[in-house]
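Okay, so here's the structure we're looking at.
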Amino acid sequence: MGSPVAVSGLRLLGRTGLEVSPVSLGASTLGQDRPLGEPPSEHAAETARTMLTGPFRLVDSSNSYGQGRSEAALGAGLAALGGHLPDGVVLATKADCDLTTGRFDHDRVLRSFEESTRRVGVDHFPLYHLHDPYTVSFADTMGPQGAVAALVRLRDEGAVGHLGIAAGPLSLVDAYVRTGVFDVVLTHNRYTLLNRSAAELISAWSERGLGVLNGAAFGGGLLARGSRPGATYAYEPAPAEVLAFVERLDAVCREWDVPMPAAALQFSLRNPAISTTLVGTAVPARVEQTRVLAERVIPDGFWDAVDELGTPPVDFGED
Ligand SMILES: NC(=O)c1ccc[n+]([C@@H]2O[C@H](COP(=O)([O-])OP(=O)(O)OC[C@H]3O[C@@H](n4cnc5c(N)ncnc54)[C@H](OP(=O)(O)O)[C@@H]3O)[C@@H](O)[C@H]2O)c1
């Protein structure tokens, strides 16, 4: 029988020296149960509090998630804890472009950081990412007035601990990694049961000493909820061949009595080059459910049966 990952075990986040649990929580949909401008709901604050006090040691947000509502909910959860993060919990967030103008330069990063600290109610983030730098060129972002210079300044001043690059297209992510500025890389939807395009780069990044966060092991939900009309992968409608593959995968899961979300999560957990796998949720009960999925014992033969399904069908056609 395969042995599940011990969710309470800690792993070094690359060369940062930070320690993280193999599973971490993503807060991209947190707080969206309330319209913009309203304070976080009790439910969102309770979800945040549960995320911060559960068995997982890293919670990931960004300035832009829910246009600030995710960070505000985390702030409400933290306030319910008297403003004190439990020992060893890494609360990470990201600098984003101005969502109205797309501006993403030096000054915008400093403003983004101020907005995040105000919403969360902290003055320091141990891990701070450059998030989805799509509205500006790589050259401008790396230039003297660019976003990366501001990130380095924040790190040098001690306002943030370590810098990460968090984005989709692998060639872009790798270009930022190769600058040597970043200690952490966050990839998403590209190392899952439906797409393995990040496999080689994840190994290479880990060998360079970077901490690797793998986001969206459920592909944004499809691999947790299963194939159904209107389902999405990586936040876009899933093509018919993807839904058909998920149905075949589901059949293998039923044959081996393995819940599909356990398979999807543990597919990522089995890769030793991944420091931590991010599971997104806005539901408190999911924290415990995620622990159970991570600890589910899956027979080794199951993975052979998954391999026999053939090449995973999702192709971003980008890298
Ligand atoms: N560019 C970036 O930096 C980037 C991009 C993508 C993701 N990320 C990070 O990675 C995190 C994870 O990605 P993601 O949230 O997009 O996708 P995901 O983790 O693949 O899937 C999240 C979805 O799965 C559902 N879910 C979770 N556990 C479940 C369970 N046990 N049973 C049924 N449904 C379940 C959640 O719904 P409920 O709310 O109902 O639990 C949510 O809709 C994000 O939150 C974010 O922190 C970063």
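The values are calculated or read from the model by the stated rules, or taken from the named source; none is laboratory data. Quick caveat: nothing in here was measured; it's all calculated off a predicted structure. Note that each Cβ is placed from the backbone with ideal geometry, even for glycine, and that neighbours are counted across all protein chains shown. Remember, those area values only see protein heavy atoms, side chains included, never the ligands or the DNA or RNA. Shrake-Rupley method; radii C 1.70, N 1.55, O 1.52, S 1.80 Å.
The set of residues in segment 204-244 that are more than 16 Å from the ligand (Cβ to nearest atom) and of a type outside the set (A, V, I, L, M) comprises S206, E207, R208, G209, P229, P239, E241. Here R178 passes the criteria (1) surrounded by fewer than 16 Cβ atoms within 10 Å (Cβ to Cβ); (2) more than 23 Å from E308 (Cβ to Cβ); (3) touching a residue at least 12 places away in the same chain (Cβ under 8 Å); (4) not aliphatic (A, V, I, L, M) except the one numbered (3).
Can you find a residue in segment 5-14 that is within 21 Å of H188 (Cβ to Cβ), within 13 Å of the ligand (Cβ to nearest atom), open to solvent by less than 50 Å² (accessible area, probe 1.4 Å) and in contact (Cβ under 8 Å) with a residue 12 or more places away in the chain? Looking through segment 5-14, none of the residues is within 21 Å of H188 (Cβ to Cβ), within 13 Å of the ligand (Cβ to nearest atom), open to solvent by less than 50 Å² (accessible area, probe 1.4 Å) and in contact (Cβ under 8 Å) with a residue 12 or more places away in the chain. Selection of segment 23-66 for residues being under 21 Å from V212 (Cα atoms), more than 13 Å from the ligand (Cβ to nearest atom) and surrounded by fewer than 24 Cβ atoms within 10 Å (Cβ to Cβ) yields L52, P55. On the stretch given as segment 256-296, residues that are open to solvent by 70 Å² or more (accessible area, probe 1.4 Å) and not charged (D, E, K, R) total 4.
You will find that of L172, L163, the residue that is within 25 Å of V109 (Cβ to Cβ), in a helix (DSSP H, G or I) and within 15 Å of the ligand (Cβ to nearest atom) is L172 and no other.
Every listed requirement among (1) over 30 Å from E308 (Cβ atoms); (2) within 16 Å of the chain's Cα centre (by Cα); (3) not acidic (D, E) is met by T187 save one, (1). Scanning segment 216-242 for residues that are surrounded by 19 or more Cβ atoms within 10 Å (Cβ to Cβ) and part of a helix (DSSP H, G or I) turns up L222, L223, A224, V242.
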